[in-house]
């Protein structure tokens, strides 16, 4: 699948024309509503009416589809910074829309900054965005939008509108490996946190009973075969691909061992995010091998269906 970098044409220099409030942000980051000094997701305040969130995250693959053509786009840190500057240079801070369709009035970006370090103030509000992210705070004076869309949760984040040039470019091997490793580590840390939470909760119970995590092994044979194939290919390249987390996951799936619901969710999360690096024709590529280690596309389909079926019970 193509990975297309979008950048600002120096001769055109249009960039971001408006910021849209949407239900499903393409960058997968929700905004928050500020209330005094205590900040919580989707909490509202009738006096401030300020929404804070990420407008653009650097190097984050964003899925796009044009007719039958599926691809990903991304923005470099340099492009993100240029876009944030041009947004104000061109006087677009009062331009906003709803779901990229309906122009809105009474919404204005009143604060804008680039996250420079891990000590950025966005961390204080629980927004763990990468360094280089363009953050904005938007004042909402439009009563209809505030009462009927923000307070009701119909809109959850920002999405940009603008004009960019593009070039098709597949990230270099080291970049792919590093990014895949980062994704794996994030999934491992999340799962570890979930397990620790269960253990702590279990210790509070004085009944002496252990907390059992329900698990499932009804994934298709193709998932096991993909994991086995991934292990074989990784061995051929001296096991250079994937972290220990991915290798353990592959052993688990290849042997048909049961996996918990939390693991299934992390499988789906990893496979959804890492699919951008999956190239079936590159059997020595870490993007391809790592994807197989986690069960491949059949595992993604199974995990998604399993999660939905369990949530509907």
Tell me the label-point distance for the pair residue 70, residue 235, using the 7 Å Cα-to-Cβ offset, in nm and rounded to one decimal.
3.1 nm
Amide N proximity, region 290-312 versus residue 260 label position 7 Å along Cα-to-Cβ, cut-off under 14 Å
none
For 21, 237, order by how many other beta-carbon atoms lie within 10 Å, fewest first
237, 21
Going out from 0 in 5 Å bins, what whole percent of all Cα-Cα distances in region 88-133 drops into each bin?
5, 18, 20, 14, 19, 19, 5, 1
Using Cβ contacts closer than 10 Å as the measure, can you line up 62, 289, 160 from fewest to most?
62, 160, 289
Label-point separation in nm, residue 252 to residue 88, each point 7 Å along Cα→Cβ
4.6 nm
For the residues 249, 123, what sequence is obtained by ranking on other C-beta atoms within 10 Å, fewest first?
123, 249
Run the numbers for residue 221 and residue 17: contour at 0.36 nm per residue of separation, minus the present Cα-Cα distance, in nm.
68.5 nm
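Every number here is computed from the coordinates shown, using simple stated rules; none is lab data. Small disclaimer: the values here were computed from a predicted structure and weren't measured. Counting neighbours? That spans all protein chains shown, and the Cβs are built from the backbone with ideal geometry, glycine included.
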